[in-house]
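Just so it is clear, none of the values below were taken in a lab; they were calculated from the coordinates. From a predicted model like this one, the values you see are computed outputs, not experimental measurements. Every residue, glycine among them, receives a Cβ derived from its backbone with ideal geometry; neighbour counts consider all protein chains shown.
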Amino acid sequence: MKLFTAILIFFLMASCKHAKHIITEPALSKSYGSELQGKWQLENLWGMDSSKLKPAFITFDFDSSRFTGNTGCNSIAGRFTLRNELLIIDRNIISTKMACPGYNDQHFITLLLKINKFTMDDRTLELSQDNLVLMTFKKE
């Protein structure tokens, strides 16, 4: 039992050390961040029928590390952290509170908070949780 406990503590400490390393990596270069800069129109949202989506978008401002947008119902704003392929949306998202019958804009925010990775090619932005693409956007 003592051996099991020692091994468990070792792995917990090793995983904490690894997580700290990810957070302290050097910031992404401005040139790559400038590609993320600007307004992105939502094309696909995991778990929802895209044909029923109301117009939603997100706009990234690399210089201030802030984003603004619209869930298709409510306006949102907050901060983000960008390092290498890592994109983390700060949990303190501010949002208007309009009622939108038949539309679950909380799903948009919930997925946004799960994002930990992004990929871009040409004019497409994919926001993912690990290897699962949660949101797809097109550059406006």
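Would you order Asp90, Asp63 from fewest to most other beta-carbon atoms within 10 Å of each residue's own beta-carbon?
The most exposed by this proxy come first: Asp63, Asp90.
Relative contact order, percent, of region 28-139 when contacts are C-alpha pairs under 8 Å separated by at least 6 residues?
24 percent
Largest first, please: the extent of the C-alpha atoms of region 58-110 along each principal axis, to the nearest Å.
38, 18, 16
Counting each pair of different Cα atoms once, what's the Kirkwood radius of region 28-139 in Å, rounded to one decimal?
14.0 Å
Could you work out how much longer the chain between Ser64 and Lys97 gets when fully extended? Use 0.36 nm per residue separation minus the Cα distance between them, nm to one decimal.
Once the chain is fully extended between Ser64 and Lys97, it gains 9.4 nm.
Once the cut-off is 15 Å, how many percent of the Cα-Cα pairs in region 91-140 end up in the long-distance tail?
54 percent
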